[in-house]
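These notes concern the structure reproduced below.
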Amino acid sequence: MTTDGLPPRRGRTRAVLGTVMWVLSVLLLVTAAAIIRDSGRWVVLLDHGSAIAIVLICLAGVLLAAAGPVFGLRTPRSRGVAYVAAACLTLCATCGWFVGEQAGELSSRATSVSLVAVSADGGFALVSRDSYLSDRDAMWLRSREGLWSRESEHAFACFTGYDGDSEQDPVEWAGFTGPNQVTVRLRDGRSGSVDFDGETLTVTGRQGGCGLPA
């Protein structure tokens, strides 16, 4: 303690460290907000983005709370203000995460993913999600590149024409029938295929029941 009853002043190193902690906490909050707003097409964020975002928010809150003493806030009042500010920011970020979670439930990607098939070379995977508009699951293409894995921007649109019960007839089999081709076969024997570009995961051709309705 100094003669004025306050803790000793922090050294320059601690001040720099506290500043770094504050900046890092802000970057973590910005990253969490970006994930909540849009997970993009990265598989790790589509599957685990919610958990990653809340972990980043908690880490940011801890850093904000710890940065005050490290930075050198000397009076109980200034430290209290720092703690309250950290708690408010963390609470606001958590509320934003919760709102994003509720809004995300309306997305076509909100439901859990099931693996349908893997290509012969192991470079791509076909996955499905429950569809709100049809009894048939929606299917998406994914690359398999570890943390850099991506998902196609849109689901495959096969047998979407309003001809009888084409939208309700269940899929009997779906899988890869070529290096860059996926085939879907319904229980009644009808089939269709989609060709895709391996780099962008976009559809480059459609045949049979996967052709777009006129």
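Per-residue answers, yes or no, for (1) surrounded by 12 or more Cβ atoms within 10 Å (Cβ to Cβ); (2) under 14 Å from residue 157 (Cβ atoms):
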| position | (1), (2) |
| --- | --- |
| 171 | yes, yes |
| 181 | yes, no |
| 184 | yes, yes |
| 187 | no, no |
| 192 | yes, yes |
| 201 | yes, no |
Within region 182-210, how many residues are at pLDDT below 85 and part of a loop (DSSP other than H, G, I, E, B)? 6
Positions within region 205-214 being exposed (fewer than 15 other Cβ atoms within 10 Å of the Cβ) and touching a residue at least 24 places away in the same chain (Cβ under 8 Å), in sequence order: 212, 213
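Confirm whether residue 107 is under 20 Å from residue 206 (Cα atoms), of a type in the set (S, T, N, Q) and either assigned by TED's automatic domain parsing to the domain that holds residue 45 or modelled with pLDDT under 85 (or both).
Working: under 20 Å from residue 206 (Cα atoms): no; of a type in the set (S, T, N, Q): yes; either assigned by TED's automatic domain parsing to the domain that holds residue 45 or modelled with pLDDT under 85 (or both): yes.
In short, no.
The values are calculated or read from the model by the stated rules, or taken from the named source; none is laboratory data. Here the structure is a predicted model, which is why all the values come from computation and not from measurement. All Cβ positions, even for glycine, are placed from backbone atoms using ideal geometry, and neighbour counts span all protein chains on display.
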